[in-house]
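Presented below is the structure to which this report refers.
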Amino acid sequence: MEEAGEEQREEGPGRVTNEADKRAEEKVAALEDDPPKDLEDWPDDEAKYKTFGGAEGDTGYDEGPTANLGASNVRHHEDGSVTVDGEKVDNPDDYKGDPIPGGPTDPNSPKLSGEQDLTEEGV
């Protein structure tokens, strides 16, 4: 359904977009070279539904704007080790981000019911 005053047009095979979509895509394109580090800094309007590089994505992860989000060849293993291109790194902490506030890896989040701190004495 077209909003009043917004012109729709065809873009690509079978795509109909309006001016609001075009503005949202431009907003995300401006973020591609230097993506925000904090979730609060990302768009919270229609642009939050757009994808880096556009919907079709003609490039691989390491080639287009998604390359700014981090390397695709980093693997985190259950034992805490990290490999890059199959080779174990000396300091795995270099490849870990900050914990999500309130998430399971946040040391400041409250314990859940039935959860215990394994660092307490006697446990």
Dipole in debye (nearest 20) - segment 73-112, about Cα centre, beta carbon charges: Lys, Arg +1; Asp, Glu -1 | 220
Rounded to the nearest 0.05, what FRET efficiency do Lys22 and His77 give with R0 = 41 Å and r taken as the Cβ-Cβ distance? Could you check?
-> 0.45
For the residue pair Trp42 and Asn108, what label-to-label distance in nm results when each label sits 7 Å from Cα along the Cα-to-beta-carbon direction?
-> 2.1
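We did not get these values from a lab; they are worked out from the coordinates using the rules stated. These numbers were taken from a predicted model, which means no experiment stands behind them. Using ideal geometry, Cβ is built from the backbone for each residue, glycine included, and neighbour counts are taken over all protein chains shown.
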